[in-house]
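Here's a structure for you.
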C-alpha cells in the first residue's frame with residue numbers, strides 16, 4: 001500500500017489542474033478556502049436583509065459565515081479587503097450572529113448556546129427589538145482604521161459572506177466536484193481483482209462514473225497525470241459483468257449503469273471477458289476515449305475512489321448534516337458517516353448522537369449523577385447539565401442542588417423561618433425541616449417549637465400549670481377580677497354585720513311598756 005501512495009505522490013506533480021495535491025480539502029469554483037475554519041467562503045456583493053442573505057446562502061449549499069475565533073476574524077478582514085477596495089469611511093457585511101430570542105444573548109445561526117467569541121464595537125450590542133442581527137463593520141477616520149461587530153436592524157440591506165464546509169480527501173487524493181468524492185491514480189499494473197483489493201485497502205473502491213461530466217473529468221484526470229504518447233492505454237474502472245449475462249453493473253449494484261461509453265461493438269458477450277477498462281487510443285491522427293470489456297486477469301493501471309470525509313462538525317451524505325452541538329470537543333466532532341460523537345457527550349446528554357437529555361432524576365457527565373433527594377417534585381427532577389433543582393428545594397434545604405441544610409437558626413420552606421428564641425443552645429438550633437428545637441426548650445417554655453411559656457397558680461394547695469397563650473391570658477384576667485369582686489362582697493357583708501351588732505336596740509310601744517312595768521316591780525320589791 002505504501003508503494004501505491006509513493007507512486008501517486010510522484011505522479012501528482014504532473015497534475016496541472018491541482019493547486020495542492022497535499023491539501024486536506026478543496027473548494028468549488030468561486031469559493032475561497034479558509035484554513036482557519038476549514039471551510040469555503042464566498043463574498044456576495046448584492047445588498048440584502050439578514051434573512052434574505054441567509055436564504056441566498058442556503059441556495060448555494062451554505063450559510064452565513066461563523067466567526068469562531070480571533071484568527072478567523074482576522075482572516076475575514078483580509079478576505080473582504082481582497083474583494084472590496086476600502087476607500088470609504090464605513091462598510092457593513094452580514095455574518096451569522098444574531099439574537100433570535102431578543103434577550104441580548106447572541107447565537108451563531110441555529111445554535112442554542114451563546115457564542116464564546118465576539119468583537120463588538122464599544123458600547124454594543126445595543127439590545128432593542130430591532131437590533132438583533134450582526135454585521136462585520138469597517139470604519140476609518142483621519143487617524144485610524146478599525147474592524148468590529150456591530151448590532152444592526154435585520155431589515156437593513158448589506159453585502160454578506162457565505163460559508164460552507166468543504167470535504168476532506170486527505171493526502172494523495174483529489175476531490176471530484178461531480179461525484180463529491182475523492183480520486184487517486186495508481187500507476188501500478190494489476191489485475192482487476194487485485195486493483196480493487198488495493199483500492200479497498202486505501203478506504204475506497206475502483207472508480208464509479210455516474211454521469212457524462214464525471215466521465216470527462218476522469219479522462220482529463222488521467223491526461224493530467226500520464227503523457228499520452230502511445231496508441232492505446234487501459235485503466236480499470238469498477239464496472240463488472242459478474243452475472244456473465246452481458247449486463248455490466250457497478251459491481252455490487254445490480255442495476256444497469258445510467259451512463260456508458262462503450263467502444264463501438266462493445267461489449268460482446270464473452271464467457272471470460274467480464275471486467276471493464278477505460279481505453280485511450282489514437283487512430284489516423286484522431287484521439288478517442290471509450291470503455292472496453294477485457295479479461296479480468298490482464299494487468300492495467302487503475303483509479304481508486306473514496307467518499308470525501310466530512311469535518312468541522314458535519315456528517316452524512318454530502319456532509320449535509322451537522323454533528324450534535326452536544327458532542328464533546330471543539331467543533332463538536334462526530335463520525336463522518338453516522339454522526340456518532342467522537343469524544344462522547346457534553347455533560348447532561350446521552351445517546352450515540354448526544355441528542356438525548358439525561359433521564360429524569362439524573363444529570364452531569366455520562367448522566368451518572370443523581371439529582372438530590374431534596375429536589376422538590378415527584379421525581380426529584382433537576383437540570384440535566386448542572387443538577388440544579390427544577391422546582392426548587394424541599395422545606396429545610398437550600399442551594400442550587402438542594403444538598404445544603406438551612407443555616408443554623410432557620411428552617412422550613414426556602415429556609416425563611418426562624419427557630420424560636422427559646423430553643424435551648426447557643427444558636428437556638430432547631431430541626432431544619434419543621435423547626436423542632438434540637439436540645440429542648442429554655443426553662444419556663446414548652447411545646448415542640450418552645451413558644452409556650454409556663455406560669456404557676458395556687459389552687460387547692462398545689463401548683464397548677466396554665467398556658468399563657470393569648471386566650472389563657474384573658475381567662476387569668478377574668479379569674480383575678482372575679483376573686484377581687486368576691487373579696488369585696490365578703491368584706492362588705494362582714495362590715496355590715498359588725499355595724500348592725502353594735503347599734504342600740506329599738507323597741508315597740510308594747511315592749512317598752514312591758515319593760516317599764518318590769519322595772520317598777522323590781523324597785524318595789
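The values are calculated or read from the model by the stated rules, or taken from the named source; none is laboratory data. Everything numeric here is computed off the predicted structure, so don't read it as measured data. Note: ideal-geometry Cβ built from the backbone for every residue, glycine included; neighbour counts use all protein chains shown.
Only one of 286, 376 is without any contact (Cβ under 8 Å) to a residue 12 or more places away in the chain and over 16 Å from the mean Cα position of the chain (by Cα); which?
Values: 376 fails: without any contact (Cβ under 8 Å) to a residue 12 or more places away in the chain.
On inspection, the qualifying residue turns out to be 286.
Applying the selection to region 363-376, what residues are assigned to a strand (DSSP E or B) and surrounded by fewer than 20 Cβ atoms within 10 Å (Cβ to Cβ)? It would help to see each step written out before you state the result.
Going through region 363-376, the residues assigned to a strand (DSSP E or B) turn out to be 363, 369-370, 375.
Selection gives 369, 370.
Filter region 421-468 for residues that are modelled with pLDDT under 80 and not in a strand (DSSP E or B) and give the result.
Residues satisfying the conditions are 460, 461, 468.
For residue 76, are the conditions met, namely being under 24 Å from residue 175 (Cα atoms), in contact with a strand residue (DSSP E or B) (Cβ under 9 Å, 6 or more places away or on another chain) and at pLDDT 80 or above?
No: the conditions fail for residue 76.
Looking at 379, 349, which one is at pLDDT 95 or above and out of contact with any helix residue (DSSP H, G or I) (no Cβ under 7 Å at 6 or more places or on another chain)?
Of the residues listed, the single one that is at pLDDT 95 or above and out of contact with any helix residue (DSSP H, G or I) (no Cβ under 7 Å at 6 or more places or on another chain) is 349.
Let me ask something else about it. Taking residue 355, is it under 30 Å from residue 198 (Cβ atoms) and either at pLDDT 90 or above or surrounded by fewer than 22 Cβ atoms within 10 Å (Cβ to Cβ) (or both)? Can you show your working first?
Values: under 30 Å from residue 198 (Cβ atoms): no; either at pLDDT 90 or above or surrounded by fewer than 22 Cβ atoms within 10 Å (Cβ to Cβ) (or both): yes.
So residue 355 does not fit the description; no.
Looking only at residues that are modelled with pLDDT under 90 and either touching a helix residue (DSSP H, G or I) at 6+ places or on another chain (Cβ under 8 Å) or at positive phi (or both) in region 36-61, which one is surrounded by the most Cβ atoms within 10 Å (Cβ to Cβ)?
Restricting to residues being modelled with pLDDT under 90 and either touching a helix residue (DSSP H, G or I) at 6+ places or on another chain (Cβ under 8 Å) or at positive phi (or both), the top hit is 37.
Just to check your reading of the model, which residue among 282, 260, 276 is assigned to a loop (DSSP other than H, G, I, E, B) and either touching a strand residue (DSSP E or B) at 6+ places or on another chain (Cβ under 8 Å) or modelled with pLDDT of 65 or more (or both)?
Numbers: 282 fails: assigned to a loop (DSSP other than H, G, I, E, B); 276 fails: assigned to a loop (DSSP other than H, G, I, E, B).
Being assigned to a loop (DSSP other than H, G, I, E, B) and either touching a strand residue (DSSP E or B) at 6+ places or on another chain (Cβ under 8 Å) or modelled with pLDDT of 65 or more (or both) holds for just one of 282, 260, 276, which is 260.
Residue by residue through region 136-149, note down the ones that are surrounded by fewer than 23 Cβ atoms within 10 Å (Cβ to Cβ), touching a residue at least 40 places away in the same chain (Cβ under 8 Å) and in a strand (DSSP E or B).
137, 138, 139, 140, 145, 147, 149
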